[in-house]
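Asker: After the C-alpha cells below, expect a handful of questions from me.
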Amino acid sequence: MLKRFFIICSGADKKLIYSCSDGEQNKYAGIGATVFFTAVMAFIAASYALYTVFDNIYTSVFFGLIWGLLIFNLDRFIVSTIRKRERFGQELLQATPRIILALIIAVVISKPLEIKIFQKEIDTVLLKEKNELAMANKKQVADYYQSDLERNKASIDSLKSEIVQKEKEVNDLYSTYITEAEGTSGTMKLGKGPVYKEKRDKHDAALAQLDTLRKRNEAKIAAKEAEAVTLRSDLDKKITETQPIIDKFDGLMARINALNKLPLLPSLFIMLLFLAIETAPIIAKLLSPKGEYDFKLEDNETALKTNLAQNNHQRELMRTTDAGIYDDVYAEIRQDKQLYDYKKKKAIELLQMQADSFSEKQKNVM
C-alpha cells in the first residue's frame, strides 16, 4: 500500500511501472518518497512562517497545507517530465531549469525552518534591537517635547527672576532707610526725620508692589509648573503608547533580518541540506542508467510518434489523391459537348433578357 502511494507520488505511469521488475518499482517508490517528504517539510516550514505573520494556528495550517500541496505538485511534475536521453549533456540541459526551480524551492522551504532552529539566537538579536529602538523612541519623543519644556522652564525662570529682582530692590530700600535712621548714610543725622520718612514710604510702596508681584507671579508659576507636569505626562504617555509597537517587532521580516545577522555557515549548511533533499529525485534520475521503465516508456512514445507520423502521411496522401481525382473529373466535364451547348443556350437567354430590360428602361426615360 505504501509502495503504491510513493509510486503515485513519483509521477510514474502506473500501468508501465507495475509491469516492470520489483527493483525498478522500488527505485521509483524511493523517488516518490523523496517528493512526498519534501512536500511535508514544505508544509511544516510554511505553516510556521505564516504563524509568525497571522498568529493564528488554523489559518497558518490551512495556507501551509496549500503551500505543501503546491510544492508536492511541482516536484512531482519536475521528476515525471525528465526523460532519459542518449547523452548525459542532453539530460542535464533538460534538467537545468528544473534544478534552478528546485534551488528556489529549497531556499523558500529552508528559511522558515532556519528561523525556528535558531529561534533563541534570533530572540537575542531582536531583544537588542528592541532595546535600541526603545531608547531611540524615547529620545525622539523627548526631542519632540523638549522645546515646549524648555520654553515653559524659561517662563518660570523669568517669573522667579522678576520676584528676586524686586526683593533685591526692596532690600536695598530697607537698607537705605535704616542707615538713614542710624545716621550712617544719607543726611548723616541720627533719628527719624523727614528724609527717613520719605525713604521709609518708598520702601513700603516697593514692599507692597513685591507682595502683589509675588502673588501674581506665583500664580503664573503654579500654572506653568502644572503645564510642565502635563507635558511630562504626555511625554510618558506617548512613550507608553509606542512601546507595544516596539514589543511586537518580531514578525517574519524582522526575524529574517535577525537571521542574516547571525553567522552564515550554520544557515548555509541547512539551506544546502534542503537543496540536496529537493534535488535528490532529479539527481537520482540524471545519474541512474536507463532502466526497464525508461525503455518501455520510450517504446510507447516512439510507437505513438510513429503512429502519428503514419496517420499524418496517410491524411496527406488522401488529400492529394482526392484533389487529383476531382481535377480529372472536372477536366472531363469541361470537354463534354452537350454540357457546353446547354450552358451556351442559357448564357444567350440571359443576355437577351438583359438587353430587353435595358431597352424597356430607355423607353421609359424617353
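Asker: Restricting attention to the stretch 16-26, does a residue exist that is closer than 20 Å to Ile100 by Cα and β-branched (Val, Ile, Thr)?
Answerer: No, because not a single residue in the stretch 16-26 is closer than 20 Å to Ile100 by Cα and β-branched (Val, Ile, Thr).
Asker: Next question. Only one of Ser175, Ser158 is in a helix (DSSP H, G or I), modelled with pLDDT under 80 and of a type in the set (Gly, Ala, Ser). Can you tell me which?
Answerer: Going through Ser175, Ser158 in turn, just one is in a helix (DSSP H, G or I), modelled with pLDDT under 80 and of a type in the set (Gly, Ala, Ser): Ser175.
Asker: While we're on this one: Where residues in the stretch 235-263 are assigned to a helix (DSSP H, G or I) and touching a Phe, Trp or Tyr at 6+ places or on another chain (Cβ under 7 Å), which of them is nearest to Pro112 (Cα to Cα)?
Answerer: Restricting to residues being assigned to a helix (DSSP H, G or I) and touching a Phe, Trp or Tyr at 6+ places or on another chain (Cβ under 7 Å), the top hit is Leu259.
Asker: Quick check on the stretch 131-146. Is at least one of its residues among the aromatic types (Phe, Trp, Tyr) and either more than 24 Å from the chain's Cα centre (by Cα) or part of a helix (DSSP H, G or I) (or both)?
Answerer: Yes, the conditions are met somewhere in the stretch 131-146.
Asker: Residues to consider are Ile109, Ile104; find the one that is crowded, with 18+ Cβ neighbours inside 10 Å and either part of a helix (DSSP H, G or I) or assigned by TED's automatic domain parsing to the domain that holds Ser267 (or both).
Answerer: The match here is Ile109.
Results for (1) of a type in the set (D, E, K, R); (2) surrounded by 10 or more Cβ atoms within 10 Å (Cβ to Cβ); (3) touching an Asp or Glu at 6+ places or on another chain (Cβ under 6 Å), shown as yes or no for each residue.
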| site | (1), (2), (3) |
| --- | --- |
| Leu308 | no, yes, no |
| Arg319 | yes, yes, no |
| Gly324 | no, yes, no |
| Gln338 | no, no, no |
| Lys345 | yes, yes, no |
| Met353 | no, yes, no |
| Gln362 | no, no, no |
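Asker: Which one is surrounded by the most Cβ atoms within 10 Å (Cβ to Cβ), of the residues in the stretch 120-153 that are of a type in the set (A, V, I, L, M, F, W, C) and more than 20 Å from Glu241 (Cβ to Cβ)?
Answerer: Ile122
Asker: Could you say whether any residue in the stretch 264-284 is farther than 26 Å from Phe118 by Cβ, at pLDDT 75 or above and not polar (S, T, N, Q)?
Answerer: Checked the stretch 264-284: at least one residue is farther than 26 Å from Phe118 by Cβ, at pLDDT 75 or above and not polar (S, T, N, Q).
Asker: Continuing with the same structure: Six or more apart or on different chains, Cβ under 8 Å: which pairs go from a residue in the stretch 65-94 that's touching a residue at least 24 places away in the same chain (Cβ under 8 Å) to one that's in a helix (DSSP H, G or I) and surrounded by fewer than 14 Cβ atoms within 10 Å (Cβ to Cβ)? Could you list them?
Answerer: Here the result reads Gly68/Val40, each pair linking the stretch 65-94 to a residue that is in a helix (DSSP H, G or I) and surrounded by fewer than 14 Cβ atoms within 10 Å (Cβ to Cβ).
Asker: Looking at Lys14, is it under 21 Å from Phe274 (Cα atoms), of a type outside the set (A, V, I, L, M, F, W, C) and in contact with a helix residue (DSSP H, G or I) (Cβ under 9 Å, 6 or more places away or on another chain)?
Answerer: Considered against the rule, which asks whether it is under 21 Å from Phe274 (Cα atoms), of a type outside the set (A, V, I, L, M, F, W, C) and in contact with a helix residue (DSSP H, G or I) (Cβ under 9 Å, 6 or more places away or on another chain), Lys14 comes out as no.
Asker: Please work out if Val53 is within 30 Å of Asp123 (Cβ to Cβ), modelled with pLDDT of 85 or more and among the hydrophobic types (A, V, I, L, M, F, W, C).
Answerer: It is false that Val53 is within 30 Å of Asp123 (Cβ to Cβ), modelled with pLDDT of 85 or more and among the hydrophobic types (A, V, I, L, M, F, W, C).
Asker: Now, a different point. What number of residues in the stretch 154-164 are β-branched (Val, Ile, Thr) and surrounded by 15 or more Cβ atoms within 10 Å (Cβ to Cβ)?
Answerer: 2
Asker: Determine whether Gln310 is assigned to a helix (DSSP H, G or I) and modelled with pLDDT of 80 or more.
Answerer: Yes.
Asker: When you scan the stretch 247-260, how many residues do you find that are surrounded by 13 or more Cβ atoms within 10 Å (Cβ to Cβ) and modelled with pLDDT of 75 or more?
Answerer: Of the residues in that region, 6 qualify.
Asker: If a residue has to be touching a residue at least 12 places away in the same chain (Cβ under 8 Å), of a type outside the set (S, T, N, Q) and in a helix (DSSP H, G or I) to count, how many in the stretch 277-300 make the cut?
Answerer: Residues in the stretch 277-300 being touching a residue at least 12 places away in the same chain (Cβ under 8 Å), of a type outside the set (S, T, N, Q) and in a helix (DSSP H, G or I): 14 in total.
Asker: Could you please let me know if Glu169 is surrounded by 13 or more Cβ atoms within 10 Å (Cβ to Cβ) and either out of contact with any helix residue (DSSP H, G or I) (no Cβ under 7 Å at 6 or more places or on another chain) or modelled with pLDDT of 80 or more (or both)?
Answerer: Judged against the criteria, Glu169 is not a match.
Asker: Given the conditions (1) in the same structural domain as Ala39 (by TED's automatic domain parsing); (2) in contact with an Asp or Glu (Cβ under 6 Å, 6 or more places away or on another chain); (3) not basic (Lys, Arg), report the number of the one that Leu231 does not fulfil.
Answerer: (1)
Asker: For the stretch 273-286, does any single residue satisfy the condition of being exposed (fewer than 10 other Cβ atoms within 10 Å of the Cβ) and either in contact with an Asp or Glu (Cβ under 6 Å, 6 or more places away or on another chain) or on the phi < 0 side of the Ramachandran plot (or both)?
Answerer: No, every residue in the stretch 273-286 fails to be exposed (fewer than 10 other Cβ atoms within 10 Å of the Cβ) and either in contact with an Asp or Glu (Cβ under 6 Å, 6 or more places away or on another chain) or on the phi < 0 side of the Ramachandran plot (or both).
Asker: Quickly run through the stretch 112-122 and pick out the residues that are of a type outside the set (Phe, Trp, Tyr) and either without any contact (Cβ under 8 Å) to a residue 12 or more places away in the chain or in a loop (DSSP other than H, G, I, E, B) (or both).
Answerer: Of everything in the stretch 112-122, those that are of a type outside the set (Phe, Trp, Tyr) and either without any contact (Cβ under 8 Å) to a residue 12 or more places away in the chain or in a loop (DSSP other than H, G, I, E, B) (or both) turn out to be Gln119, Lys120.
Asker: Ala95 is checked against (1) over 24 Å from Gly291 (Cβ atoms); (2) buried (at least 19 other Cβ atoms within 10 Å of the Cβ) and fails just one. What number does that condition carry?
Answerer: Failed condition: (1).
The values are calculated or read from the model by the stated rules, or taken from the named source; none is laboratory data. Since this is a predicted model, take the numbers as computed values, not measurements. Heads up, the Cβs are rebuilt from the backbone with ideal geometry, glycines too, and the neighbour counts pull from every protein chain shown.
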